Amino acid sequence: MTKKPTTTASARKTTKTVVPVHDLDVFALDVTERDELFSTLRELATDARTRAYAPYSNYRVGAALVTKTGRVFLGCNVENATYGATTCAERGAVQQMVAAGEREIAAIAIATGGDEPGAPCGICRQVLREFARDLPIELFNVPEEKRVKPKVIATSLAALLPLSFGPEMLLEDAHAKGAPATTGTKPSKSKKK
Ligand SMILES: [Zn+2]
């Protein structure tokens, strides 16, 4: 029923592929469709992770999100010599998404190293919340040593960030509903005249 983003041979191409999927609701997909979608996202996140810039921690992370319109955006962590200017993979993907004019995240897969999949930091959870009330999330590790087993944790934003604060608390026409983001930061409580 719901069309899924197509996978192309090149991951880089896939990020630019626009497959109009109006209102992609991953929660509503059947198990097979959801597995296929996440399989694609995991592949793309793994690929993005190879381009992570993490010379200090050597903890490389890749993220691949799909929007409700079926577009895929990638991110990787970008560390900085000041440490404080480091940005995470999840936020990198969100920034690309917003710059492309998209406002609604349907699902995200996050690739880390380590013995266990790494979960998004608190800041990234909140940033994801800006563009989705809830969304399915898959966390997985990419084994770099033979003793490490690949694991996938299927979770959701609501599970990772309960009782969350979101744009609808301040904006009547939150972009979560599809409207363009407001340019100002002041809350527009009333639009009715
Ligand atoms: Zn983060």
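Taken together, the values in this text are just the output of simple stated rules run on the coordinates, not laboratory data. Quick caveat: nothing in here was measured; it's all calculated off a predicted structure. Cβ coordinates were reconstructed from backbone atoms using ideal geometry, including for glycine residues, and neighbour counts include every protein chain displayed.
Here F73, F165 are placed in order of increasing Cβ neighbour count within 10 Å, fewest first, which gives F165, F73.
By the count of neighbouring beta-carbon atoms within 10 Å, fewest first, K68, K149 end up ordered K149, K68. Highest mean packing first, where packing is the average number of other Cβ atoms within 10 Å per residue, the peptides 118-127, 78-87, 135-144 line up as 135-144, 118-127, 78-87. All C-alpha pair distances within the stretch 11-164, sorted into 10 Å bins from zero, spread as 12, 44, 35, 8, 0 percent across the bins.
Counting charges near V127 (Lys, Arg +1; Asp, Glu -1) among other residues having Cβ under 10 Å from its Cβ returns a value of +1.
Simple rule: put +1 on each Lys or Arg Cβ and -1 on each Asp or Glu Cβ in the stretch 11-164, find the dipole, and look at V98, F131, V26; the Cα lying farthest toward the positive end is V98. For the peptides 28-35, 107-114, the ranking by mean Cβ contacts within 10 Å, running from highest to lowest, is 107-114, 28-35.
Express in whole angstrom the spacing between the alpha-carbon centres of the stretch 53-97 and the stretch 115-130. The stretch 53-97 and the stretch 115-130 have Cα centres separated by 11 Å.
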